[in-house]
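To start, the structure itself, in structure tokens.
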Amino acid sequence: MTAICPGSFDPITNGHIDLIRRTLRFADQVIVAICHNVYKKSHFTPNEREQLIWEALETEEGFTEKDLERIEIRVFSGLLADFFSECSADVIVRGVRSAIEYEHDIAQALANQRLNPRLETVFIPAEPGYAFLSSSIVKEIAAFGGDIHGMVPQCVAAALYRT
Ligand code: ADP
């Protein structure tokens, strides 16, 4: 089974990493799909986001070689429903941190299913310790010099303090 974990990953946080790790438990292949939206302002370029994800997974979070072989990172733009078909994927996985996020994502899931009736979305509740965590919160804390230890991998913290 191939699962797609789509998102902005601007940048990857420990919450994303937890979601990827848990997806690996039930999927054979996980495609981390970085959404490149030209109309949305991002802090890191898609390439930088991809580099940070690899570095985080390879060096910091204890993923085994075998796990890494089952992970693919891709940048996509356009409709997720089309990307899903292109990858011959089986499910889309989304993390749920709050009722508000669920409300937004359920509408998205229904729209995607309308576009592609084969497309199923699986929702995974966020690890409670990470439920507060988002890329934007991390960027905001880092911008004011706050402590983001434990929220993002080391390479991401370094990149945020550099930029
Ligand atoms: P998007 O803009 O598509 O929501 P994000 O990068 O914010 O992109 O999130 C990508 C995916 O990762 C989403 O499914 C989101 O719910 C999930 N996610 C983000 N942060 C966390 C977290 N702290 N815990 C669990 N899942 C998370």
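Every read-out reported here was derived from the displayed coordinates using simple, explicitly stated rules and does not represent laboratory data. Because the structure is predicted, anything quoted here is derived from the model rather than measured. Positions of Cβ are generated from backbone atoms using ideal geometry, with glycine treated the same way; all protein chains shown enter the neighbour counts.
Quick rundown of the values:
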read-out	value
Residue of ALA27, ALA81, ALA99 that the Gaussian network model of the chain assigns the largest fluctuation, springs spanning Cα pairs under 10 Å	ALA99
Most positive-pole-ward Cα, THR59, ALA27, PRO128, against dipole of region 2-162 from beta carbon charges	PRO128
Under the Karplus curve 6.51 cos²θ - 1.76 cosθ + 1.60, θ = phi - 60°, whole-Hz ³J(HN,Hα) for region 122-138, x wherever Gly or Pro sits	10, 9, 10, x, 4, 4, x, x, 10, 4, 7, 8, 9, 4, 5, 4, 4
Efficiency of FRET from Cβ geometry, ILE137 and LYS41, R₀ 22 Å, rounded to 0.05	0.85
The chain - mean residue ellipticity at 222 nm from DSSP helices (-39,500 (n - 2.57) per run, n ≥ 4, rounded to 500)	-12500 deg cm²/dmol
Relative contact order [Cα under 8 Å, 6+ residues apart], region 2-162, whole percent	31 percent
Ordering of 147-154, 17-24 by packing [mean C-beta count within 10 Å, highest first]	17-24, 147-154
